[in-house]
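The structure appears right after this line, and notes come after that.
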Amino acid sequence: MKALVVYSSKTGNTEAIAEVAAEAFGRDTVLSPIAEAPDYHEFDLIAVGFWIDKGHPNHEIQKYIRRLKGKKVVLFFTLGANPDSDHAQECLRNAEAMFAGNEIVGHFICQGKIDPANIKWMRQMVAGGPRISAGDARWGQAAEHPGPDDLVRAREVFCEIFLRLQ
């Protein structure tokens, strides 16, 4: 099975997960940042990785997703929230809806560090108060991801998906 792992990464989180996916899918896998993505038609499996922006896949990857049709797709993304949170599940539903015309065969969600510029923007939106304290704790937790445990879990998920499709 020939696989393509294409990704958009702002802080390196999604790129780290993409590298694990490419390794798990094997030697016939092409790993590519979105700006250099080859024609997807020649691949049997497409893994699309992105970061979450306001609850949706980032704009750059949305353009790619809109062109993608008739493929088996694995989607994976990183976000500042916990992967088990209601927000992460809403992001997953939003992303899945964009892949109409394709068969989603799996997904992986990983918490990841937040771009410092976004944190600065959020701080300006809510000046002081308990929300900033809660944000500081959440942002600190996000900064520890993806960590070694996340990468092991990603490898397990991607290997299971790939083996199931063989």
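The values are calculated or read from the model by the stated rules, or taken from the named source; none is laboratory data. Keep in mind that this is a model prediction, so the values were computed, not measured. Every residue, glycine among them, receives a Cβ derived from its backbone with ideal geometry; neighbour counts consider all protein chains shown. Quick note on the areas: whole protein, heavy atoms, side chains included, nothing else; ligands and nucleic acids left out. Shrake-Rupley method; radii C 1.70, N 1.55, O 1.52, S 1.80 Å.
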TODO: Read through the list (1) within 11 Å of the chain's Cα centre (by Cα); (2) closer than 17 Å to residue 71 by Cβ, then give the number of the only condition that residue 8 fails.
DONE: (2)
- [ ] Filter the stretch 7-28 down to residues that are open to solvent by 10 Å² or more (accessible area, probe 1.4 Å), touching an Asp or Glu at 6+ places or on another chain (Cβ under 8 Å) and at pLDDT 95 or above and give me whichever is nearest to residue 166 (Cα to Cα).
- [x] 7
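Yes or no, residue by residue, for (1) of a type in the set (Gly, Ala, Ser); (2) under 23 Å from residue 4 (Cα atoms); (3) modelled with pLDDT under 95:
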| residue | (1), (2), (3) |
| --- | --- |
| 80 | yes, no, yes |
| 95 | yes, yes, no |
| 140 | yes, no, yes |
| 154 | yes, yes, no |
| 159 | no, yes, no |
Task: Residue list for the stretch 57-98, restricted to those being over 27 Å from residue 42 (Cα atoms), crowded, with 17+ Cβ neighbours inside 10 Å and without any contact (Cβ under 8 Å) to a residue 40 or more places away in the chain - done: 79, 83, 88, 91
Task: Enumeration of residues in the stretch 13-45 that are on the phi > 0 side of the Ramachandran plot and without any contact (Cβ under 8 Å) to a residue 40 or more places away in the chain - done: none
TODO: Check off (1) closer than 24 Å to residue 155 by Cα; (2) without any contact (Cβ under 8 Å) to a residue 40 or more places away in the chain for residue 53 and give me the number that stays unchecked.
DONE: (1)
